[in-house]
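The values are calculated or read from the model by the stated rules, or taken from the named source; none is laboratory data. Computed from a predicted model, the values in this text were never measured in an experiment. Cβ sites come from the backbone with ideal geometry, for glycine too, and all protein chains shown count toward neighbours.
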Amino acid sequence: MTESEFLTLTDAIFNRIEEALDDQGVDVDTLRMGNVLEIEFDDGGKVVVNRHGANQELWIAAKSGGYHFSLRDGRWLAARDGAEFFATLRQAVRDGSGDDFELSA
């Protein structure tokens, strides 16, 4: 995948995340700065989603840990344990906000 294709694909994912949070009324603030999407909770906690162009990976940093995901067979999977990006993010947002949050691949 070219760098341009990676940026287009991950822009769409960032947009989906922001739209899902808004549509579902999850009580968070989001801030997008270049390659980073911050999701901040009322208590000041955050989940940070970062795209790393050099490795063509999506990263999640949350209280539960740090995760690196690469696109394999059409799915964003963690190198360490095979966890799926959207499931990991969904759980991190639920843990941080206390709200039900649905986001699927």
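Some notes on this structure:
- Among (1) in contact with a Phe, Trp or Tyr (Cβ under 6 Å, 6 or more places away or on another chain); (2) farther than 16 Å from Leu9 by Cα; (3) among the hydrophobic types (A, V, I, L, M, F, W, C); (4) at pLDDT 95 or above - the single one Leu58 does not satisfy: (2)
- Selection within the range 10-60 - of a type in the set (Ser, Thr, Tyr) and under 18 Å from Asp100 (Cα atoms): Thr30
- You will find that of Ser64, Ser70, Ser104, Ser97, the residue that is touching a Leu at 6+ places or on another chain (Cβ under 8 Å) and small (Gly, Ala, Ser) is Ser70 and no other.
- In the range 40-54 there is no residue that is touching a Lys or Arg at 6+ places or on another chain (Cβ under 6 Å), polar (S, T, N, Q) and within 18 Å of Asn15 (Cα to Cα).
- Enumeration of residues in the range 50-75 that are touching a residue at least 24 places away in the same chain (Cβ under 8 Å), more than 14 Å from Ala105 (Cβ to Cβ) and not hydroxyl-bearing (Ser, Thr, Tyr): Arg51, Gly53, Gln56, Ile60, Ala62, Lys63
- The range 35-68 - residue that is under 14 Å from Phe6 (Cβ atoms), in a loop (DSSP other than H, G, I, E, B) and not polar (S, T, N, Q) and, of those, farthest from the chain's Cα centre (by Cα): Ala54
- Scan of the range 50-92 for residues that are surrounded by fewer than 19 Cβ atoms within 10 Å (Cβ to Cβ) and of a type in the set (Ser, Thr, Tyr), ordered by number: Ser64, Ser70
- Pair list, Cβ < 7 Å and 6+ apart or interchain, from the range 77-101 residues that are part of a helix (DSSP H, G or I) to residues that are surrounded by 14 or more Cβ atoms within 10 Å (Cβ to Cβ) and of a type in the set (Phe, Trp, Tyr): Phe85/Phe69; Phe85/Trp76; Thr88/Tyr67; Arg90/Phe101; Val93/Phe101; Arg94/Phe101; Gly96/Phe41; Ser97/Phe41
- For the range 4-49, the tally of residues that are charged (D, E, K, R), under 21 Å from Ala105 (Cα atoms) and surrounded by fewer than 11 Cβ atoms within 10 Å (Cβ to Cβ) stands at 2.
- Neighbours by Cβ (under 7 Å, 6+ apart or cross-chain): first from the range 26-37, within 16 Å of Arg90 (Cβ to Cβ); second exposed (fewer than 14 other Cβ atoms within 10 Å of the Cβ): Asp27/Asp42
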